[in-house]
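Inspection log for the structure reproduced underneath, given as structure tokens.
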Amino acid sequence: MSDARSVVETTPEGDFGDLVKVRKFVIHVEEVLHEFGPAAKTPQLKGYIAAVAHNPYAGRYVEDVLPLTEQLKPMGIAMAKKLMAVMGGPNAIVAYGKAAIVGENGELEHAALWHEPGGYGMRELMDKSAAIVPSTKKVGGPGCTIDVPIAHANAAYVRSHFDTVVCSINDAPRANEIVWIQSMSNAPRIYSRAGGLRDEDTKGEDGLR
């Protein structure tokens, strides 16, 4: 059983430059208490923050799309701060991920521009974040779903933290929009018992172990 909460935020801080115009932020957090077994000693919090924003490259082919990457970087940090604030702060986060959904007038490559801003937006706020930030991306319309991956933030081989959170926003992305998403968790899966490298045995030197 889990308790899920979604909050839609309007903000005057949705303008991050001429290429990044945010219509709204959505924060979704789940508190996982059990999965038909014993109650978790510490409930797992996992969730996402999504920014629904205009796609400045929609409807046309643009060769140089990297300027959008640069303007997304401040938003990546701002989003991470928002989600961490409702999940116990940067020190509480042990796993993360990212995703993007491009509206139908955009192209899949536009979603790839989120790799650096979305990932480093979280990593810059955390003490232990050597592992790669897993990612998914797709083209879709309003209400489509995307599985946003979650994995250990400091050692990618730790199986207990492999997880996902599903993002779906009823009115996004519209045809000329992109939904930029970051995911986080404060704990492993509550019943993790699949073996492999344990969190307490990690070294965190190479992002793998």
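Values in this text are rule-based calculations from the coordinates and carry no lab data. Note that the coordinates shown come from a computational prediction; the quantities given were computed from them, not determined experimentally. Note: ideal-geometry Cβ built from the backbone for every residue, glycine included; neighbour counts use all protein chains shown.
Once the piece of chain linking THR145 and ALA85 is laid out straight, how much longer is it, given 0.36 nm per residue of separation minus the C-alpha distance between them?
On the way: separation 60, 0.36 × 60 = 21.60 nm, distance 2.48 nm.
So the extension gain works out to 19.1 nm.
Compared with the dominant principal axis of the Cα atoms in the chain, helix 66-86 is inclined by about 40°.
Evaluated on region 1-156, the Kirkwood hydrodynamic radius is 16.5 Å, with distances taken between all distinct Cα atoms.
The phi torsions of region 137-147, fed into the Karplus equation with coefficients 6.51, -1.76 and 1.60 and a -60° offset, translate into couplings of 7, 6, 9, x, x, x, x, 5, 9, 9, 7 Hz, rounded to whole numbers, with Gly and Pro shown as x.
Please report the antiparallel percentage of DSSP beta bridges with both residues in region 2-201, rounded to the nearest 5.
Working: 46 of 51 bridges.
Here the antiparallel bridges make up roughly 90 percent for region 2-201.
Amide H contacts for THR136 (H built 1.01 Å from N in the peptide plane; partners 5 or more residues away or on another chain; cut-off under 5 Å): LYS98, ALA99, ALA100.
Contour minus end-to-end for ASP206 and ASN176, with contour as 0.36 nm per residue of separation and end-to-end as the Cα-Cα distance? Could you put the intermediate results ahead of the total?
Working: separation 30, 0.36 × 30 = 10.80 nm, distance 3.91 nm.
So the chain would gain 6.9 nm between ASP206 and ASN176.
Electrostatic bookkeeping for VAL166 treats Lys and Arg as +1 and Asp and Glu as -1; over the other residues with beta carbon under 10 Å from its beta carbon, the sum is -2.
Between amide H atoms placed 1.01 Å from N, distances below 5 Å from GLY204 occur with ARG209, all of them 5 or more places distant or on a separate chain. Straight-line cross-link reach from LYS24 at under 12 Å between alpha-carbon atoms covers these aspartates and glutamates, not counting any fewer than eight positions away in the same chain: GLU9, GLU13, ASP15, ASP171, GLU177.
Maximal additional length on extending the GLN71-ALA112 stretch stands at 13.4 nm, based on 0.36 nm per residue less the C-alpha distance. Please state the relative contact order of the chain as a whole percent: Cα pairs under 8 Å, 6+ residues apart? Computed value for the chain: 23 percent relative contact order.
Compute the longest continuous run of the chain that contains no exposed chymotrypsin sites (Phe, Trp or Tyr not before Pro); treat a site as exposed when its DSSP state is not H, G, I, E or B and it has at most 12 other Cβ atoms within 10 Å. Mind showing how you got there, number by number?
Details: sites that count: PHE36, TYR61.
Longest stretch, sites excluded: 62-209.
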